[in-house]
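Peer 1: Can you read through this structure? Questions will come right after.
The values are calculated or read from the model by the stated rules, or taken from the named source; none is laboratory data. Since the model is a prediction, treat every value here as computed from it, not as a measurement. Note that each Cβ is placed from the backbone with ideal geometry, even for glycine, and that neighbours are counted across all protein chains shown. The accessibility values were calculated without ligands, DNA or RNA, using every heavy atom of the protein model including side chains. Shrake-Rupley method; radii C 1.70, N 1.55, O 1.52, S 1.80 Å.
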Amino acid sequence: MENDLVVQSNKLIEAHYKQQYTVQEQRMVLWVVSEIHKEDYFNKKYEHKTITISAQKYAELMDITADDVYKRAQDIGDNLMQKVITIKTDGGEDKGWEMFHWIESMKYREGIIEVLIAPVIIPYIIDLKEKFTAFRLENILYLRSSHAIKLYQILVQYKQIGERKITVDELRSTLGVSNVKIYQTYGDIKRKILEISKREINAKTDLIISYSAIKQSRKVVAIQFKITQKPNQEIQAKKNLNNIFYNCQKVII
């Protein structure tokens, strides 16, 4: 799993969460995305495909014991089939949106877990020619903060630019904490999300990030992120992108 690629439309990465996701739920989603690409990279006819994983590998992915798989997989599947994500389809806040769940169905039998991702999400995962981002699955496998996993995806899109500004309200919405009381002040967000995410991302991924607050009349309204790719990871990232473009060109030809 560590060398698998996760490739998504930037719109999907920027999707807003109505509820918070756990670390295990996000690992599940990103693993499924990587498996879809592994088996059916640029298949335009992709509609329904079941992704399978053994209970043992699932336990490793979720960092749980094999004895816990039966119950934990059921809980994770149930949560993912209920949680809503929202994508802005036309760029502007009031011009268009699309809402859906990640998972359509999930089964467990004879030590095998079967997952079917919601078909409406497929256009945001395959046959991508522009405005998409790729990263290695291992960059999120060792993160212990669910917010760090989402923040990594939000920032890795901008690693070539090297910086990104995001409003505090938009960050709350993207992370699914807009209505969570413990994240209502910037001090709360800094202490419970930004600092923890920064430490984890810098220690366990291919990025180094820092941030500063942007104030308006003494109130913090936005956050400016600085993003640098670790030197030993830059060559591998370029190889990954070259492989993606090569596969795409083969299909076009």
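Peer 1: Quick one: which of 137, 116 is out of contact with any Lys or Arg (no Cβ under 6 Å at 6 or more places or on another chain), modelled with pLDDT under 95 and open to solvent by 10 Å² or more (accessible area, probe 1.4 Å)?
Peer 2: Of the residues listed, the single one that is out of contact with any Lys or Arg (no Cβ under 6 Å at 6 or more places or on another chain), modelled with pLDDT under 95 and open to solvent by 10 Å² or more (accessible area, probe 1.4 Å) is 116.
Peer 1: Any residue at all in the range 165-174 that is over 23 Å from residue 89 (Cβ atoms), at pLDDT 95 or above and either exposed (fewer than 15 other Cβ atoms within 10 Å of the Cβ) or out of contact with any His (no Cβ under 7 Å at 6 or more places or on another chain) (or both)?
Peer 2: Yes, the conditions are met somewhere in the range 165-174.
Peer 1: Here is a further query. Which count do you get for residues in the range 14-26 that are within 24 Å of residue 63 (Cα to Cα) and either touching a Cys at 6+ places or on another chain (Cβ under 7 Å) or not aromatic (Phe, Trp, Tyr) (or both)?
Peer 2: Of the residues in that region, 7 qualify.
Peer 1: Which one of these does residue 160 not meet: (1) among the polar types (S, T, N, Q); (2) surrounded by fewer than 19 Cβ atoms within 10 Å (Cβ to Cβ); (3) more than 25 Å from residue 231 (Cβ to Cβ)?
Peer 2: Unmet for residue 160, out of (1) among the polar types (S, T, N, Q); (2) surrounded by fewer than 19 Cβ atoms within 10 Å (Cβ to Cβ); (3) more than 25 Å from residue 231 (Cβ to Cβ): (3).
Peer 1: Let me ask something additional. With 67, 4, 78, 94 as the choices, which residue is loosely packed, with under 14 Cβ neighbours inside 10 Å, closer than 30 Å to residue 170 by Cα and either at pLDDT 90 or above or in contact with a helix residue (DSSP H, G or I) (Cβ under 9 Å, 6 or more places away or on another chain) (or both)?
Peer 2: Selected residue: 78, the only one of 67, 4, 78, 94 that is loosely packed, with under 14 Cβ neighbours inside 10 Å, closer than 30 Å to residue 170 by Cα and either at pLDDT 90 or above or in contact with a helix residue (DSSP H, G or I) (Cβ under 9 Å, 6 or more places away or on another chain) (or both).
Peer 1: Let me ask another. Identify the residue in the range 200-239 that is more than 30 Å from residue 169 (Cβ to Cβ), surrounded by fewer than 17 Cβ atoms within 10 Å (Cβ to Cβ) and out of contact with any Ser or Thr (no Cβ under 9 Å at 6 or more places or on another chain) and, among all such residues, is modelled with the lowest pLDDT.
Peer 2: Of everything passing the filter in the range 200-239, 235 is modelled with the lowest pLDDT.
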